[in-house]
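Written below as structure tokens is the structure these notes are about.
Please treat every number below as a calculation from the coordinates, not as lab data. Note that the structure is a prediction, hence the values are computed from the model and not measured. Cβ atoms come from the backbone with ideal geometry, glycine included; neighbour counts cover every protein chain shown.
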Amino acid sequence: MPQPRTTTTPPPLPATVWLPGPRDSEISPTAPAILPPWAIGKIRTEFTRRPGRPPAPFLRLAISDTDECMDARTLCTQDTNPDHSHNASRTTPVLLAELHPSTLPTADVCSQYGSDEQGAIDDAWPGFFHRAHRILRGNGLLLLATRQRRDADRLTDPLGLLVAAARTAGFRYLQHIVIVHGHPVGDRIVPAPPDDAPPGLMHSDLLVLRAQGSRS
């Protein structure tokens, strides 16, 4: 008799709004980081630890510009959590890229992403997503942390442009998580924005993307 087909159920996605807990201090991230330390710890818990398997390696990129040879200037650190065993180094890492608002693409740039395949490989933002996809092929996770920026005295939201660029490179959008810069007091939230945040901003954004297949 034919054997029944088995399927692997992906782990459930975490909550879409994150607040610091009672014991988490709201420490402003140091430039060029975007997320506070408590949020980094929560990312480690939610995305790198898998029941019955070694934790996935956790790589952090702090991207401060997208000019030519950006990779040589991008600060990269690897998680040093003692839970990471030798076998974990053989698994696909979880890649967190913290994007400073000044590096975010504009609509004029993103409208050209699909117009020239060679340009999509070589240019700054498209090139970053293609290189990340090569690292994470095989269902690896790319997490993009960023926040709104102020242009012409208005807050602009870059998330749609980033998702479009990531999809062009072969990523699938999974989730948008709001990282609140504040702490609950009774029935309200007391804002605690980063030092370099524009007026009116009290959250950062975390996009969860999964690499799909291979790009030739």
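Pop a pseudo-label 7 angstrom from the Cα along the beta-carbon direction at both Thr92 and Arg172 and give the gap in nm to one decimal.
Roughly 1.0 nm, to one decimal.
Grab the beta carbon distance between Arg154 and Ser102, set R0 = 25 Å, and tell me the FRET efficiency rounded to 0.05.
On the way: r = 16 Å, r/R0 = 0.63.
FRET efficiency, Arg154 to Ser102: 0.95.
Given a Förster distance of 25 Å, report the FRET efficiency between Arg23 and Arg73 from their Cβ-Cβ distance, rounded to the nearest 0.05. Before the final figure, lay out the partial values.
Working: r = 36 Å, r/R0 = 1.42.
So, using R0 = 25 Å, E works out to roughly 0.10.
Want the number for Ile189 to Arg134: 0.36 nm per residue separation, take away the alpha-carbon distance, what's left?
Full extension of this stretch gives 15.7 nm more.
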